[in-house]
Amino acid sequence: MLDTVARTAEARDALLTFAQARVDIAADAGANAALATLLGWVESYLMREHPDLGRTGAVCPFTRQAARIDTARLAICTAGPDEEERAFALIRGSFGALDAIPCKPGMVHFRTVIVGFPNCSDERGVAMLQRVQKRHRIYSLARGRMIGLMYGASEAPGLWNRDFRPLRAPLPVLAIRHMVEHDAPFAARHPLLLAPYLAKFRLTGAKRLIDHFRGQE
């Protein structure tokens with residue numbers, strides 16, 4: 001189901017487990033160079049600690065756990081800067097694919113979809129992906145989901161170290177995951193996220209926000 005829900009005209013846009021990605025890379029490293037780059041970045045960066053992060057633990061602890069329980073999916077979309085609707089269709093389909101990832105009860109919030117766009121590394125490509133992200137903003141928040149964009153020249157500051165640039169990646173990436181209670185720092189920074197966050201987590205979310213603001217004093 002995952003391969004059909006989140007597919008465009010090309011089979012290469014299908015979502016893969018980490019194990020499937022490794023098989024594809026081993027079978028044809030040249031044809032799957034972008035996939036190898038994406039997987040390598042996820043495993044060597046997102047899932048590991050970083051000295052400039054400003055806190056302990058992995059850069060993205062949810063990705064580390066998602067990989068451990070096999071609820072993370074990868075894809076490479078070859079859409080270029082002039083193929084916004086193709087990129088949009090893949091990302092829109094990925095929301096449904098996210099919900100279809102098999103997992104144990106109580107582990108739903110670890111579902112993650114990570115899509116790399118190797119042909120969108122220039123300014124036009126990044127601008128196109130920013131539009132795709134913006135077009136999904138309300139759609140994702142209404143469903144309690146988060147959509148993030150990472151790329152090589154990202155200047156988005158870190159939550160715990162403002163001088164760190166955690167959203168830089170070797171190729172542009174759009175990632176979708178569930179909103180979780182620990183997203184209080186993101187909710188505090190982004191006004192559009194605040195209401196959906198409080199609607200979903202209510203008192204416990206409000207407490208986390210208060211604790212976050214107190215920690216900023």
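Derivation of every value follows stated rules applied to the coordinates shown; laboratory data play no part. These numbers come from a predicted model, not from an experiment. So basically every Cβ, Gly included, is an ideal-geometry build from the backbone, and we count neighbours across all protein chains shown.
Details
- Taking a ≥ b ≥ c as the square roots of the eigenvalues of the Cα gyration tensor, an a/c ratio below 1.5 marks region 2-178 as rounded.
- If you sort the three axes of the alpha carbon gyration tensor as a ≥ b ≥ c, you get a/c of 1.5 or more for region 85-204 and a/b no higher than b/c, which makes it oblate.
- Cα shape, region 64-139, gyration tensor, a/c 1.5 rule: prolate
- The charge dipole of region 2-178, taken about its Cα centre with unit charges on the Cβ of Lys, Arg, Asp and Glu (plus for the first two, minus for the last two), comes to roughly 720 debye.
- When the chain is treated as a Gaussian network with alpha carbon springs shorter than 10 Å, the biggest mean-square fluctuation among 39, 174, 203 belongs to 203.
- Folded to 0 to 90 degrees: helix 18-27 orientation relative to the chain principal axis, Cα: 30
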